[in-house]
1. Out of everything in the range B:4-22 that is loosely packed, with under 14 Cβ neighbours inside 10 Å and at negative phi, what residue ends up being modelled with the highest pLDDT?
2. Which residues, counting only those in the range B:49-84, are outside any helix (DSSP H, G or I) and more than 16 Å from residue A:289 (Cβ to Cβ)?
3. Can you tell me which of A:191, A:256 is closer than 30 Å to residue A:9 by Cβ and in a helix (DSSP H, G or I)?
4. Across the range A:124-142, which residue is most open to solvent (accessible area, probe 1.4 Å) among those that are within 14 Å of another protein chain (Cβ to nearest Cβ) and of a type outside the set (Val, Ile, Thr)?
5. Every residue in the range A:279-317 that is open to solvent by 40 Å² or more (accessible area, probe 1.4 Å) and among the polar types (S, T, N, Q), please.
6. So residue B:46 passes all but one of these: (1) at the interface with chain A (Cβ under 10 Å from one of its Cβ atoms); (2) open to solvent by 20 Å² or more (accessible area, probe 1.4 Å); (3) modelled with pLDDT of 90 or more. Which condition number does it fail?
7. Within the range A:177-228, track down each residue that is crowded, with 22+ Cβ neighbours inside 10 Å and polar (S, T, N, Q).
Amino acid sequence: MAFLSVDFLLLLPFALVLFHAVGGPRGGLRAPLLLAFSVAFHATWSVHYTALLLGTSVATFGIGKRIGSEPQDAGKWRWLMVGLALLLGQLALFKYAPALSTPLASLVAPLGISYTTFKLVSYLVDVYWEKTEPETDVVAFTAYSLFFPQILSGPIQRARDFLPQLKQPASPDVRAERIVSGLRWILFGVFQKFVVADRLAMLVDRVFAAPQEYSNLGILLAVYAFAIQLYSDFSGLTNVAIGLGLLFGISSHANFDAPFSSPNIQEFWRRWHMTLSSWLTDYVFTPLRMSLRNYGDWGLVLAVVANMLAIGIWHGASWTFVAFGLINAMYVSVSALTLKARNRWFKTRPLLARARKLIDPVVTFHMVVAAFAVFRAGSLTDAGYILTHVLPLDFLRAIDSAGFSAAATEALRGMGLGFDKIYLAIPAFLLCETVVHLHRSGALARIAGRTPVAIRWAGYHGLILATLLFGVLEVREFIYAKF
Amino acid sequence: MMPTAVLEKLTAVFRDVFDDDALLIVAATTASDIDDWDSLAHVNLVVAVEKAFGLSFTTKEISSLNNVGEFVNLIHRKMPPSRA
């Protein structure tokens with residue numbers, strides 16, 4: 001069952017009414033009910049895999065208790081290693097075995113295995129680091145690890161953030177507020193997905209399938225379009241997930257924080273897929289960097305390379321993902337090692353420093369766009385072709401003779417895509433970015449607070465109508481649901 | 001060394017690492033209070049603190065810290081009695 005399918009939307013209200021009706025001290029029957037919903041959601045994809053994820057969660061619960069009860073650090077460490085070997089071994093088997101071994105080629109990764117694994121690994125390490133107490137309620141714990149809104153693409157919520165919210169539900173007022181806020185997040189996410197992402201997908205899919213068949217300008221448009229498509233699709237999906245969580249009274253961290261206006265690449269990674277970035281920082285980068293701390297800058301570079309390669313190959317066994325990881329490792333290492341010197345240099349040049357504030361986000365955005373082109377390309381050969389054909393001469397000639405928008409329209413028409421089909425995504429994307437920035441600065445809440453209810457509701461209806469009118473409503477899988 | 005003296009010495013290390021001579025830290029200060037205090041700067045800070053105080057920390061000790069106050073307590077706890 002998919003999030004935006006008719007079945008799901010019909011069942012959701014019943015689940016919600018039931019969930020909010022069974023309150024009581026310590027959450028009453030909420031945890032078992034939530035677990036039942038999640039099991040049912042997983043089971044619509046595969047009963048066997050649901051049993052596997054349930055088994056893994058219960059085993060992790062048991063190992064967490066053992067880590068907590070071992071008197072010596074050596075014993076705790078041993079159990080942590082047992083748990084990590086189980087979780088990461090299972091993830092690696094499903095993600096890489098089909099690509100690397102012919103007899104296992106038909107193996108399909110269970111839905112949500114990545115995000116369940118991330119949650120369970122963070123739980124075991126946190127118990128070992130004594131950041132969290134071992135959980136004593138197996139039902140609540142399993143409801144956490146299988147929580148259905150978060151299984152497709154996060155946010156990766158930590159157990160210590162999730163479990164108290166499940167066990168001590170907020171007051172009815174706060175819960176009512178969360179439901180309203182959840183509906184807003186869902187509406188916004190759906191708009192991002194259908195109006196921006198899926199519209200751009202028409203252009204992106206065509207060009208990336210056979211870049212050699214398109215003009216340089218067509219490739220250039222597709223490369224930009226993919227960055228915006230990926231962002232809108234992925235943040236749309238996690239916004240729907242955050243909204244669904246809120247409907248069930250669970251508040252979680254945001255997953256994106258206007259990443260395309262980041263002034264440098266390190267900050268981009270802190271504002272893109274934030275819950276995975278912070279997971280990697282806590283459990284991969286910092287431990288590695290700590291063990292390599294006496295190797296100076298080389299230790300830093302090595303830790304960055306390992307971290308970025310992990311991000312790359314987590315997406316799958318493909319050389320384009322390896323290249324994506326290495327490109328970002330190079331970006332981050334160079335940027336991190338030169339940042340202090342750059343800051344000092346600009347400190348004494350106030351005029352240039354002001355220009356830098358405008359130029360840095362543009363440069364960072366283009367670095368990201370180039371890396372994403374490699375990520376999306378069908379092969380390294382295609383990636384090479386795309387990156388060497390985005391800017392050369394026919395593009396400049398076309399602009400020179402016809403003006404950019406006429407040339408771009410011509411390029412789109414060559415693909416059988418009209419101006420109206422693709423360009424609608426641009427105002428829609430700008431609208432989304434405006435909302436994101438207003439939300440970020442706190443102005444959105446202030447404006448909403450001053451706006452009469454009737455106008456606010458007109459706005460929501462406008463957004464729903466716009467999604468129905470301008471959205472590409474063939475159900476297209478979210479890009480990140482497959483990772 | 002008293003915790004207040006540890007905090008004083010720690011402040012000097014922070015100022016050096018973050019290149020800010022006016023930086024003030026208190027027990028409740030966290031990474032989100034200082035702009036440049038990201039995961040990259042964090043380990044540089046740990047290395048600088050290890051050097052300044054002649055100590056060595058484990059990943060577990062560093063990962064369980066939540067604010068400057070806990071860092072001060074950790075340093076205080078790990079100092080040999082003759083210097084504490």
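1. Pass one, the range B:4-22, residues loosely packed, with under 14 Cβ neighbours inside 10 Å: B:4-5, B:8, B:12, B:19-22.
Filter once more, keeping what is at negative phi: B:4-5, B:8, B:12, B:20-22.
Values: B:4: 84, B:5: 87, B:8: 90, B:12: 93, B:20: 85, B:21: 87, B:22: 88.
Per the criteria, the residue is B:12.
2. B:54, B:55, B:64, B:66, B:67, B:79, B:80, B:81, B:82, B:83, B:84
3. Working: A:256 fails: in a helix (DSSP H, G or I).
Exactly one residue qualifies, and that residue is A:191.
4. Initial filter on the range A:124-142 (within 14 Å of another protein chain (Cβ to nearest Cβ)): A:124-133.
Now restrict to residues that are of a type outside the set (Val, Ile, Thr): A:124, A:126, A:128-131, A:133.
On the way: A:124: 0, A:126: 6, A:128: 19, A:129: 23, A:130: 127, A:131: 63, A:133: 148 Å².
Restricting to residues being within 14 Å of another protein chain (Cβ to nearest Cβ) and of a type outside the set (Val, Ile, Thr), the top hit is A:133.
5. A:291, A:294
6. It is condition (2) that residue B:46 fails.
7. The one that is crowded, with 22+ Cβ neighbours inside 10 Å and polar (S, T, N, Q): A:192.
Condition check ((1) open to solvent by 40 Å² or more (accessible area, probe 1.4 Å); (2) closer than 27 Å to residue A:212 by Cα) across all residues:
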position	(1), (2)
A:341	yes, no
A:354	yes, no
A:357	yes, no
A:361	no, no
A:366	yes, yes
A:375	no, yes
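The values are calculated or read from the model by the stated rules, or taken from the named source; none is laboratory data. Predicted model only: the values in this text are computed from it and were never measured. Positions of Cβ are backbone-derived with ideal geometry, glycine not excepted, and every protein chain shown enters the neighbour counts. Accessible surface areas use protein heavy atoms only, side chains included; no ligands, DNA or RNA. Shrake-Rupley method; radii C 1.70, N 1.55, O 1.52, S 1.80 Å.
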